[in-house]
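Novice: Can you read through this structure? Questions will come right after.
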Amino acid sequence: MGAVTYPDEKVAAFINARTVPVQMAYDAKPYADDFNIQWTPAVILLDEDGKEHFRTTGFLPPEEFIPSLLLGMLKVHFDLKQFREAIDVGDTLTKEYPKSKVVPETIFWQGVANYEDTHDPSHLKAAYKKLKAEHPSSEWAIRAEPYDLLR
Amino acid sequence: MAEVRWLNDMNEALQRAKNEKKPVLLDFFNPG
């Protein structure tokens, strides 16, 4: 990550603009134990209270790192019940990085966030139909399959 | 060339996160 992804102009600009970045060695005390770090690189998104909401382990190239962080931001908003913000971040991700490997997971969580925001189950079904049409081999299409039974 | 402006103090990062309404990106790396 330090040799390829973090030096990338777009990645560095995104991180500086949208996050507060902290870097530590894999054995830094007490945080390596607090966050159960067993392998690196490990990238974790925390809310302002220090609570973990998203984690990715292993190398990601620049073109996948920003969408991965956007998905993480969606998860932060979702966990904090900021559903509209979660949906907006997902929209940005799917529009700006339509070929990213995290798009299917993003569609899934957008459907769930839309449901949580409106209590309208049609959003869950719509997410499944979109996944089935656009990402039929994705595990997220499978995870959303029960939503097709909703009326 | 852009560089990530890393902090190494968690308390400072959390305070900034509160002030700036941003998530903290915590990167654990192996310095080798």
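Novice: Please tell me if A:GLU85 is modelled with pLDDT of 95 or more, surrounded by fewer than 22 Cβ atoms within 10 Å (Cβ to Cβ) and out of contact with any helix residue (DSSP H, G or I) (no Cβ under 7 Å at 6 or more places or on another chain). Outline the logic, then answer.
Specialist: Working: modelled with pLDDT of 95 or more: yes; surrounded by fewer than 22 Cβ atoms within 10 Å (Cβ to Cβ): yes; out of contact with any helix residue (DSSP H, G or I) (no Cβ under 7 Å at 6 or more places or on another chain): no.
Here the answer is no, as A:GLU85 does not meet what is asked.
Novice: Of everything in the range A:24-46, what is crowded, with 19+ Cβ neighbours inside 10 Å and within 13 Å of B:ALA13 (Cβ to Cβ)? Give them in sequence order.
Specialist: A:MET24, A:ILE44, A:LEU45, A:LEU46
Novice: Exactly one of these conditions fails for A:LYS95: (1) free of Cβ contacts under 8 Å to residues at least 12 places away in the same chain; (2) over 30 Å from A:GLU145 (Cβ atoms). Give me its number.
Specialist: (2)
The values are calculated or read from the model by the stated rules, or taken from the named source; none is laboratory data. The structure displayed is predicted, hence computed values, not measured ones. Note that each Cβ is placed from the backbone with ideal geometry, even for glycine, and that neighbours are counted across all protein chains shown.
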